[in-house]
Amino acid sequence: MPAITLTNITKRWKNYFGVDNLSLEIPDNSFITLLGPSGCGKTTILRMIAGLETPTEGRITIGDNVVFDSEKGINVPPNKRKVGFLFQNYALWPNMTVYQNIMFGLKNIKEELPVIDVEAKRCTDIIRALQNGKRIKAEVTDCCDKNGKLDNNRAYVKLIDAFELSIFSAKTVFELKIHESENPDEAAKKHRDEYEKNLQRLQIITGQREKS
């Protein structure tokens with residue numbers, strides 16, 4: 001996801017301010033959380049980014065594209081912003097499978113979508129993390145409490161942030177138990193060699209698939 005910038009964003013309903021003069025920068029490829037009490041404007045902010053709510057004032061950019069600007073009269077519709085949005089109350093068609101629900105939205109995209117080999121991408125991410133066994137060990141062992149008990153969930157988050165991994169890849173790296181090794185770099189290299197062989201196999205399969 002490209003960087004998102006909100007500049008002096010306000011959402012007002014008559015005398016009630018849902019969001020008041022908010023400026024926020026979300027860096028490219030980052031993971032953030034909006035935290036606050038009920039009614040403070042968290043959902044309204046997300047809806048304005050996605051284009052489901054129109055700000056009263058301000059400017060929103062996604063990457064290099066201005067998707068809203070009150071002064072210039074710019075308001076790009078939601079289906080043109082390429083923003084995914086998971087509602088608080090799920091909105092699924094009960095007569096469709098999970099796959100059909102996901103594909104329903106994708107069918108409305110007219111442009112050609114990039115093809116991503118998910119398994120190859122996962123292998124590549126894990127290989128990148130395994131370049132530094134010492135850092136893996138440091139990130140994981142930092143999640144032990146004062147009694148030495150390891151908080152697995154916190155370790156997953158640390159690995160996600162440190163190596164830009166998905167939760168699934170972070171769990172895989174954690175389960176390799178590199179943090180338990182006396183020589184983490186050597187342990188990481190052993191597993192990295194295995195994943196590099198697997199990646200080569202996947203690339204061969206992908207190449208054969210593209211030729212057919």
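Observations
- Which listed residue is touching a residue at least 24 places away in the same chain (Cβ under 8 Å) and out of contact with any helix residue (DSSP H, G or I) (no Cβ under 8 Å at 6 or more places or on another chain), from PRO78, PRO2, PRO94, PRO55: PRO2
- Any hit, region 23-34, residues being in a loop (DSSP other than H, G, I, E, B), among the charged types (D, E, K, R), touching a residue at least 24 places away in the same chain (Cβ under 8 Å) and under 26 Å from LEU165 (Cβ atoms): yes
- Residue within region 41-50 that is under 22 Å from PHE87 (Cβ atoms) and polar (S, T, N, Q) present: yes
- Qualifying residue in region 177-185 (condition: without any contact (Cβ under 8 Å) to a residue 40 or more places away in the chain and in contact with a helix residue (DSSP H, G or I) (Cβ under 6 Å, 6 or more places away or on another chain)): no
- One residue from THR10, THR61, THR56 being within 29 Å of VAL157 (Cα to Cα) and either among the small types (Gly, Ala, Ser) or at pLDDT 95 or above (or both): THR61
- Subset of region 59-83 (residues that are among the aliphatic types (A, V, I, L, M) and assigned to a strand (DSSP E or B)): ILE60, ILE62, VAL66, VAL67, ILE74
- Among the criteria (1) in contact (Cβ under 8 Å) with a residue 40 or more places away in the chain; (2) within 22 Å of SER30 (Cα to Cα); (3) assigned to a helix (DSSP H, G or I), the one ARG154 does not fulfil is (1).
- Residue that is surrounded by the fewest Cβ atoms within 10 Å (Cβ to Cβ), among those in region 67-95 that are hydrophobic (A, V, I, L, M, F, W, C) and at pLDDT 85 or above: ILE74
- Residue match in region 107-118 (condition: surrounded by 10 or more Cβ atoms within 10 Å (Cβ to Cβ) and modelled with pLDDT of 85 or more): no
The values are calculated or read from the model by the stated rules, or taken from the named source; none is laboratory data. Everything numeric here is computed off the predicted structure, so don't read it as measured data. Every residue, glycine among them, receives a Cβ derived from its backbone with ideal geometry; neighbour counts consider all protein chains shown.
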